[in-house]
Amino acid sequence: MTAAVLLLLFPQTKPSPIEMPFKAPIFSYLLISILSAVFLSANGRKALGLRHAADGVDDSIIYLWPLPKQISYGNRTVTVNPNLVLQSKGPGGSSPIVQEAFGRYKSLVFSQQSGFVLQEYDISTLTVVVDSDDDTLYLGVDESYDLYVSDATGSTEGKLSVVGEASIEAKTTYGALRGLETLSQLFTYNYKTKAVEVYKAPWYIHDEPRFPFRGLLLDTSRHFLPVNVIKQVIESMSFAKLNVLHWHIIDEESFPLEVPTYPNLWEGSYTKWERYTVEDAHEIVDFAKRRGIHIMAEVDVPGHGKSWGIGYPDLWPSPNCTEPLDVTKEFTFDVIAGILTDMRKIFPFELFHLGGDEVHEGCWTSTGHVKLWLQEHNMTAKDAYKYFVLRAQDIAISHNWIPVNWEETFNTFKENLNPQTIVHNWIGPGVCPKAVAKGFRCIVSNQGVWYLDHLDVHWEDFYNNEPLEGISDIEHQKLILGGEVCMWGETADASDVQQTIWPRAAAAAERLWSPRVTTTAAILNNSVLHRLHHYRCLLNYRGIPAAPVSNKYARQPPVGAGSCFTQ
């Protein structure tokens, strides 16, 4: 059989149990990729991974998002049994997380009623092999997988899978989850036969993420988001292989979270109906884990603390000067310790965000008792800022958390930060190169290109933001954990948050997952827009109200009639 081949990265530096049999130079594979994506004409076949009736979609393009690391495929079409059965193998194959995920994806793929019952299907069994039965979710957990789909002859394009038909082989549960997402995008509903099919079989895909931290910030202080909306966001994140929800739970506007040790704190919520109980938070963490997603909670100190003082006014420097939090009182740090003690029982992720941004010390220097305290301790306001951040870091570290702080802390007193500190960029593009040069790890969230509330930032800017820009040293590059797009909530609530997040967040998700060589604008500029249109339509089919790709401003509705695949 003649096979089309797409190799999406340089050969692996570590041995693989399954070797690619193709020996052509990497340039040849990239050239094939470019030519197949840009110049080959459509043959009338429906696009991969999505049900649609239009014939104008270019089927020469590989409609997978994010792009896997290595792909090979053929030219046959195989049918999938709507009663597809999961066969679990390996120590972790029977994990409830894998079992539940199979059920979710099966419901997505076979949501359309099958019109005809075929006498025989090419694929009736999906075998999932998971090497480890350890379901612990931690930063850097192995998310790699190998995916095989045989053609009608049983071939898997020269690869030696331990099973036939269709299979996913992964080291961990979470690698299996990522493989299930990719497989689901290969399944296509054929409107003529009313059957689910896989085109271009046989398939072999080897995949793994480029960065271990691929995040989305969700702000529930500026607008309360119901638990079900947060779950919808988490579900949609799993479709793009994002793996960290940065939950910006509280801020100066509201304090919606229950803290048993200090029960009056959530008096700072907007209303008594806009709150999260401890049980709500546990439910969100569990829901996310079952999709391979961490929850990184944030308590932003010492700034952005006005809402804290609604329940405990002593946390304010004065009734007329409500933030930063009062640096002079032990009670302030007792409350922080109580919050973190309670939250540690909820959030198992090893990273905890302590904020530290936008601290305006004028409140301290203009309040009598704080000003006197500064003089008695021979401190400037900047010294007090440092003192506060470092004490909060010590509290977090005492709970076995790794502190994450916004970049102002690094910019102001980098030499004093705990060496474990992870610097979170947001102001501009320059801080991560400086942070890693000092030995700190860094997360990229440059507001000019990765803030979702900036509605005039187009998908191209999200896609082209390179986390390693300006960092040439290999060892320094390893200190970039990844990046995060930020959905600040001043102008987003349950009515429009998903339209604001998607599809632009998907552009960043591919940057963070796929090899850099495959996301270079010069190589894929002619195909990436088609794939993003397709992915947006896939999200719509899955019930995610992703906005049109080509809007002048994000989350706007279409400007006129037209196909989902062109708007």
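The values are calculated or read from the model by the stated rules, or taken from the named source; none is laboratory data. Please read all numbers here as calculations on a predicted model, not as lab measurements. Don't worry about glycine lacking a Cβ; one is built from the backbone with ideal geometry, like all the others, and counts go over all protein chains shown. Heads up: the accessible areas ignore ligands, DNA and RNA and are worked out on the full protein's heavy atoms, side chains in. Shrake-Rupley method; radii C 1.70, N 1.55, O 1.52, S 1.80 Å.
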> When you look at GLU279, is it surrounded by fewer than 16 Cβ atoms within 10 Å (Cβ to Cβ) and outside any helix (DSSP H, G or I), yes or no?
Replying inline: no
>> So in region 368-390, with the set limited to residues that are under 29 Å from ILE422 (Cβ atoms) and not in a helix (DSSP H, G or I), which one is most open to solvent (accessible area, probe 1.4 Å)?
In response: HIS377
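Has region 90-98 got at least one residue that is under 30 Å from THR520 (Cβ atoms) and assigned to a loop (DSSP other than H, G, I, E, B)?
Step one: filter region 90-98 for residues under 30 Å from THR520 (Cβ atoms), giving none.
So far as region 90-98 goes, no, none of its residues is under 30 Å from THR520 (Cβ atoms) and assigned to a loop (DSSP other than H, G, I, E, B).
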> Quick one: THR409 ticks every box in (1) within 22 Å of the chain's Cα centre (by Cα); (2) surrounded by 24 or more Cβ atoms within 10 Å (Cβ to Cβ); (3) not aliphatic (A, V, I, L, M) bar one, so which box is it?
Replying inline: (1)
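Out of GLY303, GLY368, GLY311, report the one residue that is touching a Leu at 6+ places or on another chain (Cβ under 7 Å) and among the small types (Gly, Ala, Ser).
Numbers: GLY303 fails: touching a Leu at 6+ places or on another chain (Cβ under 7 Å); GLY368 fails: touching a Leu at 6+ places or on another chain (Cβ under 7 Å).
Testing whether each residue is touching a Leu at 6+ places or on another chain (Cβ under 7 Å) and among the small types (Gly, Ala, Ser) leaves just GLY311.
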>> I'd like the full set of residues that are open to solvent by 10 Å² or more (accessible area, probe 1.4 Å), assigned to a loop (DSSP other than H, G, I, E, B), more than 18 Å from TYR270 (Cβ to Cβ) and charged (D, E, K, R), limited to region 299-341.
In response: LYS329
